[in-house]
Structures are given as C-alpha cells and as structure tokens.
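The values are calculated or read from the model by the stated rules, or taken from the named source; none is laboratory data. Note that this is a predicted model, so its numbers are computed, not measured. In this analysis, Cβ positions are derived from the backbone assuming ideal geometry, glycine residues included, and neighbour counts consider all displayed protein chains. Protein only, heavy atoms only, side chains kept; ligands, DNA and RNA dropped before computing areas. Shrake-Rupley method; radii C 1.70, N 1.55, O 1.52, S 1.80 Å.
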Protein chains: 4
Amino acid sequence: MTTLRNVQPLRGVWNILATPFQPDGEIDERSLNRLLLGVIAAGVDGITVLGVAGEAQKLNQAERRRVLELTAAATSGRLPICCGVSQDGTRVAVEMAQEAAAAGAIAVMVAPPTFLQPGPALTAHLRNVGEEAGLTVVLQDYPPVNGVSLTPTQLAQLADAVPAIQTIKLEGLPTPQRVAETLALTGSSVTVLGGLSGNFLLDELRRGAAGTMNGFAFAEVLVGIWQAWRAGDVDTAASTYFRYLPLLATEAQPGISIAVRKHLLQLRGLIDHSLVRKPGPELHEGVQKDLADTVRRLGALDAFPITDLQEARR
Amino acid sequence: MTTLRNVQPLRGVWNILATPFQPDGEIDERSLNRLLLGVIAAGVDGITVLGVAGEAQKLNQAERRRVLELTAAATSGRLPICCGVSQDGTRVAVEMAQEAAAAGAIAVMVAPPTFLQPGPALTAHLRNVGEEAGLTVVLQDYPPVNGVSLTPTQLAQLADAVPAIQTIKLEGLPTPQRVAETLALTGSSVTVLGGLSGNFLLDELRRGAAGTMNGFAFAEVLVGIWQAWRAGDVDTAASTYFRYLPLLATEAQPGISIAVRKHLLQLRGLIDHSLVRKPGPELHEGVQKDLADTVRRLGALDAFPITDLQEARR
Amino acid sequence: MTTLRNVQPLRGVWNILATPFQPDGEIDERSLNRLLLGVIAAGVDGITVLGVAGEAQKLNQAERRRVLELTAAATSGRLPICCGVSQDGTRVAVEMAQEAAAAGAIAVMVAPPTFLQPGPALTAHLRNVGEEAGLTVVLQDYPPVNGVSLTPTQLAQLADAVPAIQTIKLEGLPTPQRVAETLALTGSSVTVLGGLSGNFLLDELRRGAAGTMNGFAFAEVLVGIWQAWRAGDVDTAASTYFRYLPLLATEAQPGISIAVRKHLLQLRGLIDHSLVRKPGPELHEGVQKDLADTVRRLGALDAFPITDLQEARR
Amino acid sequence: MTTLRNVQPLRGVWNILATPFQPDGEIDERSLNRLLLGVIAAGVDGITVLGVAGEAQKLNQAERRRVLELTAAATSGRLPICCGVSQDGTRVAVEMAQEAAAAGAIAVMVAPPTFLQPGPALTAHLRNVGEEAGLTVVLQDYPPVNGVSLTPTQLAQLADAVPAIQTIKLEGLPTPQRVAETLALTGSSVTVLGGLSGNFLLDELRRGAAGTMNGFAFAEVLVGIWQAWRAGDVDTAASTYFRYLPLLATEAQPGISIAVRKHLLQLRGLIDHSLVRKPGPELHEGVQKDLADTVRRLGALDAFPITDLQEARR
C-alpha cells in the first residue's frame, strides 16, 4: 500500500472520452487526438478515459494502455486524468489502477463488480483499489452496467468506510433527488457529480452536485452551464440547459447512448467514423436523420464550430 | 368468450388519469372530477384509467370501481376509455376487464404479470383477457413495473399471436429506435403509442408512433405536438416539444414521476393535494422548488390557464 | 394504531397453505379443508395463508377472505395463523392486515412492494402494516417475487427500525450463510426462518434458523427434521433431510415450485386437482413422470400415508 | 473467417476447471496440475477452462493464457478442451477464441454479453466468435452472470441462426423442464448440457440432456451418474444422484458456489488452498464446519480417494 497522494474530490466538467475506431475496428488514433484537442478546447476541467462510454470493456489490455498513453501525451499535465478501472476482480482492478497511476492519472473510477451487492466484499474491493494505487476513487453508481442499485444510504456508507472515495458519480435515477439525499448523508467531504450525458445537469447542480462527468458530444454546452452556474448566473445556466436539452436527452438514452454520441462527434468533425464496437445496436437510419434534424434546428454546429482545431487535423 | 366488439387500434393523445387523494388518503372525488374536466378540455383523444400512473396497484377493488365509474360518468361517451387491468393472475384480470367492458371501456391495458417472461403462458394470459372481455388490448411494455423486457421481436410475436392486441404502448428505452424496429415487424395492423410522460414524443412520432399515452400534467402540450404533427406542421411540433422538454424530462424520471406530476397538477389548480399513496418517495423540498422555478421560467401556467374550469370547481 | 398484542417471534415448522382449485378454476373448498386436516395432522406449529405459494396474488378480494375464513374455522384456535399481506400499497396492505387480525391471525407476512429498495419508504410501509394491525410482522426476503434483494445488513436494519418485525423469512440464496450473517447482526430478539421448500433446511438450522416456513408437500418431513433437531438428535435430522432431499430440491425449483407441490399433494390424495391458476407453466408431462418416479424410489407415499384423514374426506 | 473445423455437439461430463491460487493470490500451478490429473482420473469426457467457475473474469490476459497452456499441456490431446471466451466485446472475444483454437481447444463457451438481450446484435456476436475461430460454440445460458434470461424459444432461435452453436449449456431454472422445452424446439442437431454443479443432473438426463458441464468437486459422482445412465442402468444413476445430492445442492448455491467447491477440493487434497479471488464472500466458519460434516456423513472422501495421484503430487 502506498500513501494516498491525491485524494481530492473532483469538481467541474469531466469529459468521458469516447474511443474512436476505424472502419476495420482498430482504434483511430488520429481521431482520438483530434477529439482530445476538441475536448480540451471546450474548457473541461478533466478527462476520464476507459469509462463505459469509452467502450473500455470492449478493448483489450494493450488497447486500454494505448488510450491512456495517448491521452496522457495529449494533455501533458494541462488537465487531470481519471481512469476507469471497473473490473470484476480486485486484483486486476488494482493492476489497472497502478498502471493508471504510473501514467499520471490522479483518480480512478470504479463501479461495483457485476451483481456484487453492498457488503464487506464490495467495501474491501473499493478500498483495495484506492489504497494500492494511491489515488482518489470515483465511485460510479450506474445500475445499467452492473445490476447494482446503490441507495443514498449505501453510497454514504461506502464513502464513509473507504476514505479514498471522495467523489460519487451518481447516475441512478432520479438523479437530482438522489443527489440531495446523498449529500445530506455524506456531508461536505465528498463531492457528487452527475452523468447521464448531462440530461439532468441543471437540477443536479441545484441540488448540490459539484459538476458532471459524462461524454456529451458538445462538451461546450456542459462547460457553459457549469461556468454560468458557478458564477451565480442561474439564468444563463438554465437557458443554456433548456436550449440544448433535446440533444442531451437524445444522447442520454440507454442502449444507444454511445452510438448517438459518436454520430454527433462525427457530424461535428471531431472523429472520422461513428463506428461503435460490436455488439451494439445499429443506430436506425431514421433515428440518424432525426438526430441531424434536431442538431440543425438547434443550430448546434454553428454555435460550436471547431475551426480552431483545423490545424490539429492535418 | 364474447365476440370482439372493438378491436380498433388506438391513436392520438391518451391521458393516463392521475388518482387524486385527500390528505387522509381517501380518493378526492371532487379533484378527480375537476381533473377530468381539465383533461377533456385539453383536447385529448381518450382517457386511460387505472394505469400505474393512476396508482391502480395501491387502490382496493371498490376504489378501482369507483374511479372507473366516475370517469365514465364525467366523459359520458364523449371520449373513449381504456382501463388498466394489469394483474398477476389471468382470472382476476379477466374479471376486471369484464367490469371495464360493462362500464363502457373500449380497451384494456395489460402489462405482462410480474417477471413472466414471454412464452405460451404470457400469450395465453393476453389472449384470455382480450377475448373474455371482448375489448382491444393495449400491450404495455414498461420494464420498471414488472421486470419484463420485451424485444421488438417479442412485441411483434405477441401482437401476431393475439389478435386483440392492436396497440402497443412502448416504454422500453430507447423508445424512438424501438418504435421503428417494432413497426418494421408488425406491419400496419398495429399502432404503437409512446409513453414516458412524452419525454421522447417528437422522435417517437418521427419513427411512426400513432400518438402517446401518458399522464403528463400539461396534456395541452402533448395535444399541441400531436395535432401539429398530424397536420404536417413539423416546425410547430418540434418547437412545442423543445420548449416544454424541461418539464417532460423532469416528469419522466422513474421513481418520482407520479409525485412530480401531481405537484404540477396541484400548481395548475387541477387537483387540491399532491399526495401520492404510500409507499413512495417524498418529493424533496428542493426538488419541489426547482420544479416550480422551471414552470415559471417556461411560463407554463400562463400558457395553459385553466380558467375555463372555474365553473366546474364550484 | 392499536397496541401490539402479539409480537412474539415465530418458531418451528409453518406450513404455507396451498390453495386448491377445481377444474373450472374455482377454489376447491373440500380439498382445502382436507389439506388443512392433513397439515395439522402432520404436526406443524402454525399455518400461513395467502402467501405466494397460496397463489394469493391470483385471488380476488372475496377469495382471499374465504381462504382465511376457512382456515380459521378448520384450525379453530388449535394452531396460530400467519396471513400474507404483501401488497404494493400501504393502505391496502393495512386493510388486509386488519382483516387478518379480525379473523384471528397472530402474524402477517410482508414482502417489500415490487422493486421498492430499502429506504425510509420501505421502513414506513412495514411499520404501518404492523402497527395498524397490531400483529407481528414476518419480513419476507424472497427476491424472485419483487425484485428486491435485501442484504443481511439491510434485514437487520429493518428489524431494528420496525419493532413489529420479530421474524425474518429468509429466502435469498445462499440461505445458510445468510442466516448466519443476519443473526450475527440482529441478536436474539429476532428469529430467522428458512423457506424454499426446505431445500436447505438442515444447514439453515445448523446456522441458527428457528424453523422454516414453506409449503413442501410432505410437511411431515419438515416436522421430522425440526423435531429431531430440537431434541438434539442431529443424526436423525440429517438422515431425514438427506433421504428426502430429492423431493425438497425438485419442489424448490423457481418457476414450477407450486405446480410440483400441487402435483405431489394430489399424488398423496390431499387435494383433488393439481391445477395452478393461470398464468403459470404447465408441468411438462415428462417432468410429472420423473416426479412420480422419484416419489416411488423414496417410498414417500408409504412413509406418510394419509389414512387418518379418510374420515375427513367424506 | 476460417472453415468450421469442428462443429460436433458436446456430450458427457465436462469438468469446468477451478483455478487454484496461492495464499498471495498468484495462480498455484502445482495445484492446477494436480487438479487436472484428478479430473482426468475421474473419467470426464472433456475439460472446460476459463469459465465463470474458473474465475476467468478475475484473471488478467497473461493468466488466462497460462491456464489454457497448462491445461493443454496436462491433457496433451487425451481429452478435448473447451475454452470460455465470454466477453462484452466481440473483437476481444474473437481474439480469445482464436488463441483458444491455436492452443488446441475444440470448442468455446460463450454467454451473452452483460445485459445484451436477444436480437441481431447478440446473434452476430455469437456467429462472429464461432466463425472467426472455426470452433464449436457452447452457448451458455446462465442468467446470474449477465442478467440475460433466454427462453427456450430464444435458445432455439439462436441455435438455428448460428450454425456454430451445437451445444447449449442450460442453467436457467427450472432446468429439467427447460431442457425438455428447448429440445422440443431444436431437434436433434443440438445437444443440451446441464450445469449448476449437477444439482438437477438426474432429471436433466431424464429430459434429454446429453450430459453436464460443471465443476462439482467430486467429478467422479457426475461420471458415475452419467455412465450408469448411458448404460441404461437408471437405478444406479438415481441412487448415486440421491446419495450425493446433499453435496451437489450445497455446492450449487449461487454466491458461494466456487468457495464451497474449492473448500471441497482442498478437503480432498486436490488443491492446496481454497482461496477465491476477491471480491467474493468469505465462506462462513460455521458453513465450513457443516460442509465438512456433510462430507463425513456421506463418506465421500473414502468413496473417492485420490491415492492414485500421490505420484503426481510430488
């Protein structure tokens, strides 16, 4: 066990990085780098790699290392990195967390192993991962991926039992209500971040969330809401949220969330291909058309042009 | 078995009627009647009673009959009625369906019994309910209430095997994509309605939905979207949907949906008390405040005043 | 709220009464009475009516009352009665619990409402049911019926928060391990009973269970194991359990448990028809044959003849 | 895509190999080799590595390769090998399947990716894995690990759509009934194997199962039942099954199955340590004691001495 070298709670807008692929299924490193530039330019506070939204569970070990490496290189210390290490075994999760620490990550994100209900085994898992890597643990509460629903009481108990947990990424619905209930139990030592493509960001902030961690394709929108909110400008936060909610809601749909996101990232020119690794649903042709129409109606591409990245594309 | 006397698919906006309660927990018949007038005035195409959103599973037999009776009296034939008869036993469901038919309902809504996966037993259940009552069956696909996830293939197979099923209320996410996939398998003999408080109504219509059946507190919004859509005025449909999406999304949150809805209905003056029968989460005080603020920012109360119902309130 | 008039923890073998039906689906009262005589003659310590195994959720209100009434009449105070009142609404559950109290039941069995995870709402539900009826509450932990998995910690917290809960019917696997973990947290004020057709009865007793509550078709076997165990005769308890385990295991299978049980009860002559109310799987013809063969190999019918009930059959 | 070089359905008793660990958590290769000798000596028809019961999901890539390599070396062609390649991503599963083929495996075992319900995406996943590796696919139906419940209809549809699927490992309860229902739909081109530690082996065979694939600690028992059954000696099959059912049932308990199994393997002397990788429940001390007592009462250690392996232990 090493000393915890960084156990500060996370705040602000953390982008969960998508992993772009080439048509043949290989990681598209050129797109990954462009996407990183785009995300950094959007003004996010941190980058999370190898989350569910990064399709980490569909990457092999070498590919996971490569994504982490490329991200560390692209940010080169300008932005903090959080690395997903959700695994069904403690030992493998610890290995991955140690690799993340070695690559410069300051936090790891951990969801409960599949179907592991709260109890001593889950507590020990989270504790071991944090302690062995010496990093802050972001506890991810996202029932669809592991079948584990954590109540606010259980979230608070875990945060209390595992000092490394300083941030909870709360994605069990209804999130604003549960943010309030959880913070009432954890006190001020822990931050709660929303997720779900920012679908409930305004109300999560109103109930005390310290930001959001998600991969919404227009990170600028999340940054705009967060910065307005933090500056006390609720009107701007609300109007920005209201304006882009059609896209937030569309992207938040379970089952096709990553496909929608990559389609939007491709429309923006941030990645070359919208391919999602198999197995995954094909985005219905009509749904793609509707998505493009919604983007058009909202004027989203014009609002957030990516011309500044032209250079990076070459 | 009686002859199917009405097996027409449902279309348009069907309101799932909330059941208002007094502070002591008794059904608030005065509010129920006022709410019915409001819903009818909103221009809906039909009314669904005793759905999950009507808290049917928290009513006793006498109360369920009373709600049906009051609704039939208030509509007096002006609007068609669909009656929820989701039960874990076929015999009891048939009894309820027959009572619904006797009270004048033209359709029954049936979700699969708790945890009953598709197979001969589920098919027989749905067939028996429809045939014994001689009514159209609306097959409800809403995994959170019964733990049954139906794939588009299974929905189409059930509709094919049970002629009484002419409408599918599709609420398994992602709904627009699944509406498209389901309609591709069912052909034109079956309609698909959305639900989920109208959270994805625009995209459901774009993918072929024939309307929606849900209890959103501002039924006027749903009617506005639907009528514009049907008239080919996509711009109005889209702008109306975009404008009120913050409320649609807030009300659609699983776990607190009915509480949010009743809070909104009370804000509008359509019911006297927002009480939800136990057990159920209390709407967090802060969440109530945020909800009121969102209503104010959208100008929803002014957009849909209920002055026309003053008379009815006396 | 009435005073708790009976808050003693339950012990011993409690039979969950099957509800026999005629071929037309009506309750078969003659068989019900014969079954009651058989169960009483088997030497059980109490009878539980209107459990899942009694198909309570497939009975209407009048039928539920009738079963309770017939059971009270047949036992006429010789045996204590526990009545299932698992309902999704508190108010309806309270009504049923009060009816049970009026009919002479000394306990009610309550499972968490469908998908209601532990929290203040569940605690209040259990408290209200117990207090309003003034009866002991048997907290049923049986995930397959409601989608709620309670950890030992949560079971102990509920028992602590709700004084009326003095018995936990623990049916979440693995039961012997969880009996031990739960009792380590609850102390001596609460008893834990097994269930699951007695499939793990020996090991549940070894880990501290105070008996079992289930509807296994040969209640005599459970009584034999329990009485030997209580008398300190572990060898007899173990050998009896080992001998009949093929039947215990067969009957414990989720999905067809009640069908297997009724088939066995019919083989024994305790009920006239093995009909299970719809929807429910038909017991495969081959499975029926195998079941009869297992009964024959174990000599179960000869070991527990029901000749003493001949009189009652007339 | 390579040509399917081996698409024969599996039959008989296939042992799912446990992965033994040293106290420090490293793979215990000496125990693994001894266990392999024991399993081969027991007379099994094949060996399955890297299943859930082999804790594959808690091994890293190098460890998985090592287990496969050691097993191939120990069997050196005397027994066929099936290799688990259940993964959430198709590409990674294909890579693993190809490695398995290269190492000499003749089959791969694949469970649906976590929460991936049947549909085109699941079909494509299974097809790709089988075709790219050119191996028979054993479709694993085991809901507890991935949240996917496949109905007999869905199992048959998958086997029909994916020619590489020639064997179904059916572990969704109730297994004997579902074996019958599935075989009625698949015809004779597909075999069905049971699992679940052999807890229902007799009745699965009676309903048409072609054997079983599981890791029960006394593989000799399974072999004894299977060989008697195949020889038409139902009496011996039944009496052997009945005699050891207390151990089969105990080991089959979800949540602690692997811990019970390793405890038994250690009692037998087949592995040095019963350690299960974290996270996992500790086997309660009392449960360990009860287990030892049951082994003693059944005389299992004497019935199946492992003296023949003394040499191998050195």
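Inter-chain neighbour count for D:123-136: the average number of beta-carbon atoms from partner chains within 10 Å of each residue's beta-carbon is 1. Between D:Leu301 and D:Asp235, full extension at 0.36 nm per residue minus the direct alpha carbon distance yields a gain of 21.5 nm.
When D:His273 is represented by a point 7 angstrom out along its Cα-to-C-beta vector, the spacings to that point in the other copies are 4.4, 6.1, 6.3 nm, nearest first. Helix C:285-298 axis versus longest C-alpha principal axis of chain C: approximately 80°, rounded to the nearest ten. Packing order of peptides A:36-45, C:77-86, B:256-265, highest average first: B:256-265, C:77-86, A:36-45 (average count of other Cβ atoms within 10 Å over each peptide's residues). In this view, the solvent-accessible surface of D:Leu35, computed with a 1.4 Å probe and all protein chains in place, comes to about 10 Å². The eigenvalues of the Cα gyration tensor, multiplied by 5 and square-rooted, give the range C:167-233 an equivalent ellipsoid with semi-axes of 19, 13, 10 Å from largest to smallest. Heavy-atom accessible area for C:Phe304, with the other protein chains in place and a 1.4 Å probe, reaches approximately 40 Å². For A:Asp24, inter-copy separations between label points set 7 Å beyond Cα along the Cβ vector come to 4.2, 7.4, 7.7 nm, shortest first. Antiparallel beta bridges, as assigned by DSSP with both residues in the protein assembly as shown, represent about 5 percent of the total such bridges.
Need one number: % antiparallel among DSSP beta bridges in the range A:1-114, to the nearest 5.
If we restrict to bridges inside the range A:1-114, about 10 percent are antiparallel.
For the range C:90-149, how big is Rg over Rh, using alpha carbon atoms and the Kirkwood form of Rh? Taking Rh as the inverse mean 1/r over Cα pairs, Rg/Rh reads 0.97. Working note: Cα atoms of the range B:223-314, range along each principal axis, descending, whole Å: 43, 34, 23. Placing a pseudo-label 7 Å from each Cα along the Cα-to-Cβ vector at A:His273 and A:Gln22 gives an inter-label distance of 0.8 nm.
Relative to the other identical copies, B:Arg66 shows label-point distances of 2.6, 6.8, 7.1 nm, where the label point lies 7 Å from Cα along the Cβ direction and values run shortest first. Remark on A:Asp28: its backbone amide H falls under 5 Å from those of A:Phe21, A:Gln22, a criterion applied only to residues 5 or more positions apart or on other chains, H modelled at 1.01 Å from N. Calculated FRET efficiency, D:Glu29 to A:Ala102, Cβ-Cβ distance, R0 = 25 Å: about 0.35 to the nearest 0.05. Between the Cα long axis of helix A:152-161 and the first principal axis of chain A there is an angle of about 60°, rounded to the nearest 10. Take each peptide in A:183-190, D:274-281, count the other Cβ atoms within 10 Å of every residue, and average; sorted highest first, the result is D:274-281, A:183-190.
The long axis of helix C:257-268 is offset from the longest Cα principal axis of chain C by roughly 40 degrees.
Taking 7 Å steps out from each Cα toward its Cβ at D:Gln61 and A:Lys289 produces label points 4.2 nm apart. Over chain C, the fraction of Cα-Cα pairs per 10 Å bin, rounded to whole percents and listed from the shortest bin up, is 6, 29, 37, 22, 5, 0. Can you work out D for the range A:83-191 in µm² s⁻¹ from Stokes-Einstein, where Rh is the Kirkwood radius over C-alpha pairs, the temperature is 20 °C and the viscosity is 1.002 mPa s? Taking Rh from Cα pairs, D becomes 157 µm²/s. Note on chain C: with a GNM built from Cα contacts shorter than 10 Å, the maximum mean-square fluctuation among C:Asp24, C:Asp88, C:Asp272 falls on C:Asp24. Within the range B:132-167, list the residues whose amide N lies under 17 Å from a label point set 7 Å along Cα→Cβ of B:Ser189. What the label zone holds, given the 17 Å backbone N cut-off, is B:135-139, B:153-167.
Across the accessible surface of the range B:193-314, with the other protein chains kept in place and a 1.4 Å probe, carbon and sulfur atoms take up 49 percent.
Working note: 222 nm ellipticity from helices only, DSSP H runs with n ≥ 4, each -39,500 (n - 2.57), summed and divided by the residues of chain C, gives -14500 deg cm²/dmol to the nearest 500. Each DSSP beta bridge with both residues in chain D is either parallel or antiparallel, and the antiparallel ones are about 5%. Which aspartates and glutamates does B:Lys58 reach when only Cα atoms under 15 Å apart count, and residues fewer than 8 places away in its own chain are ignored? Within reach: B:Asp24, B:Glu26, B:Asp28, B:Asp88, C:Asp88, C:Glu95. D by Stokes-Einstein for the protein assembly as shown, Kirkwood Rh over Cα pairs, 4 °C, 1.567 mPa s: 41 µm²/s. Largest GNM mean-square fluctuation among B:Asp203, B:Asp141, B:Asp293, using chain B with Cα springs under 10 Å: B:Asp293. Would you list, by chain and number, the lysines whose Cα falls below 16 Å from the Cα of A:Lys289, excluding same-chain residues fewer than 8 positions away? A:Lys289 reaches A:Lys262.
Diagonalise the Cα gyration tensor of the range C:16-149 and give the resulting equivalent ellipsoid semi-axes, square root of 5 times each eigenvalue, largest first, whole Å.
Each semi-axis is √(5λ); the values are 25, 16, 13 Å.
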